[in-house]
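This report refers to the structure that appears directly beneath it.
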Amino acid sequence: MSDFLPGVHAAPNIQTAPDLYEIENRAADPELRIEAAMRSIAAWDGQIVLDLGAGTGFHVPRWHADAAHVIAVEPHDASRVQIMRRVAALNLERVSVITGSAERILLPSASVDIIHARFAYFFAPNCLPGLAEVARVLRPGGTAFIIDNDLRHGQFADWLKRHPFAGVDPDVVERFWSEQGYQLTRIPSEWRFDNRADLEAVVRLEFGEALGNDLLRAHTGLSVEYHYALYWRRY
């Protein structure tokens, strides 16, 4: 990871187990309710889309289907290579993959129309430098979408309250985004896995072995109720 990029946070789930995180991504929001909510606010057809903190590029093909061009920004070197492999394998012709971070987006001012950041950097309230960069690179009328957990609703939110790093106050988070001019759209959804082994592996990845096993003992089936918070602002 490049030393010149400020504000970079490690993402142990995707960086330590990218293949398992791919399974998690496939299970998340299977009916694509997040994308539907985004599209109802600001469609990306014919637009320049910046996928900020793109990870291994799981969502890049979705934007590429309708966007004029997709720019995937990712500070983690190995993940960025995975994006390039995905782009090549799918022959996605309108994608650029570049290094960068939320606090240093290596693009000109007023150069993109849509910004998508999903579980990447923008964890309130400690993300003001990144929001300044978002405001800089968006064109007038452009829209930023920040996707995070809904901390109030769903089984996953209940599980998060038991996480060793729990303690995030939903009131503080939601007030922060409101003060930055962002609106909140709540999206009820789920994780839906093909088999129990995948579900159990992902739960352990996200919650650790001990807590993960404890959660799994009390949970049956192949799905987990999972609600999302979509914070968005038109600049």
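From the list (1) 50, 42, 37; (2) 91, 35, 23; (3) 54, 45, 37, can you say which value of Cα extents along the principal axes in Å was derived from the structure given?
The value matching this structure is (1).
With a ≥ b ≥ c the root eigenvalues of the C-alpha gyration tensor of the stretch 72-114, is it rounded (a/c under 1.5), prolate (a/b larger than b/c) or oblate?
Details: a/c = 3.45, a/b = 1.39, b/c = 2.48.
In terms of gyration-tensor shape, oblate.
Counting only other residues whose beta carbon sits under 15 Å from that of residue 204, what net charge do I get with K and R as +1, D and E as -1?
Value of the local net charge: -4.
Check which residues have an amide H placed less than 5 Å from residue 228's amide H, if you skip close sequence neighbours.
150, 187, 189
How would you order 20-29, 176-185 from highest to lowest mean count of nearby Cβ atoms within 10 Å?
Order by mean packing, descending: 20-29, 176-185.
So what is Rg over Rh here for the stretch 1-108, counting just Cα atoms and using Kirkwood for Rh? Don't skip to the answer; put the middle values down first.
Working: Rg = 13.8 Å, Rh = 14.5 Å.
When Rh is taken as the Kirkwood radius, the ratio is 0.95.
By average Cβ neighbour count within 10 Å, what is the ranking of 112-120, 159-167, 61-69 from highest down?
Listed from highest to lowest mean packing, they are 112-120, 61-69, 159-167.
Taking the Cα centre of the stretch 1-130 as origin, work out the dipole magnitude from +1 charges on Lys and Arg Cβ and -1 charges on Asp and Glu Cβ, in debye rounded to 20.
Details: 10 positive and 15 negative charges, 12 e Å.
For the stretch 1-130, the charge dipole is close to 60 debye.
With θ set to phi - 60° and the Karplus curve 6.51 cos²θ - 1.76 cosθ + 1.60, what are the ³J(HN,Hα) couplings of the stretch 37-48 in order, to the nearest whole Hz, using x for Gly and Pro?
5, 4, 4, 5, 8, 7, 6, 9, 4, x, 9, 8
Kirkwood hydrodynamic radius for the stretch 1-51: how many Å is it when counted over pairs of different Cα atoms?
14.0
Roughly how many debye, to the nearest 20, is the charge dipole of the chain about its Cα centre, given +1 on each Lys and Arg Cβ, -1 on each Asp and Glu Cβ, and no other charges? Numbers along the way, then the final one.
Details: 23 positive and 31 negative charges, 83 e Å.
That gives the chain a dipole magnitude of about 400 debye.
If amide H atoms are built 1.01 Å from N in the plane of the peptide, which residues on other chains or at least 5 residues away come under 5 Å of the amide H of residue 145?
Long-range HN contacts for residue 145: 115, 116, 117.
Can you list the HN-Hα couplings for the stretch 207-221, worked out from phi with the Karplus curve (6.51, -1.76, 1.60; θ = phi - 60°), rounded to whole Hz and with x for Gly and Pro?
10, x, 5, 5, 5, x, 5, 5, 5, 5, 4, 9, 10, 10, x
So what are the radius of gyration and Dmax for the Cα set of the stretch 76-159, in Å?
Gyration radius and largest Cα-Cα distance of the stretch 76-159: 15.3, 42 Å.
Go ahead and estimate [θ] at 222 nm for the chain from helices alone: -39,500 (n - 2.57) per DSSP H run with n ≥ 4, summed, over the residue count, rounded to 500.
Helices in the chain give a 222 nm mean residue ellipticity of -11000 deg cm²/dmol.
Let me check I've understood the local charge: for residue 32, count other residues with C-beta under 10 angstrom from its C-beta, Lys and Arg +1, Asp and Glu -1. What total comes out?
Local charge sum for residue 32: 0.
Can you list residues whose amide H is under 5 Å from residue 110's amide H, if they're 5+ apart or on another chain and H is modeled 1.01 Å from N?
Under 5 Å from the amide H of residue 110 lie the amide H atoms of 137, 138, each far enough along the sequence or on another chain.
How large is ³J(HN,Hα), in whole Hz, for each residue of the stretch 9-26 in order, when computed from phi with the Karplus curve 6.51 cos²θ - 1.76 cosθ + 1.60 and θ = phi - 60°, using x for Gly and Pro?
10, 5, 10, x, 5, 6, 7, 9, 9, x, 5, 6, 5, 4, 4, 4, 4, 5
Taking K and R as +1 and D and E as -1, what net charge do the other residues with C-beta under 12 Å from the C-beta of residue 189 add up to?
Result for the local shell: -3.
For the ranges 96-103, 81-88, what's the packing order if you count other beta-carbon atoms within 10 Å of each residue, average per peptide, and put the highest first?
Ranking, from highest mean packing down: 96-103, 81-88.
A short reminder: the numbers here are calculations on the coordinates, not readings from a lab. Every value quoted in this text rests on a predicted model; they were computed, and no experiment measured them. Counting neighbours? That spans all protein chains shown, and the Cβs are built from the backbone with ideal geometry, glycine included.
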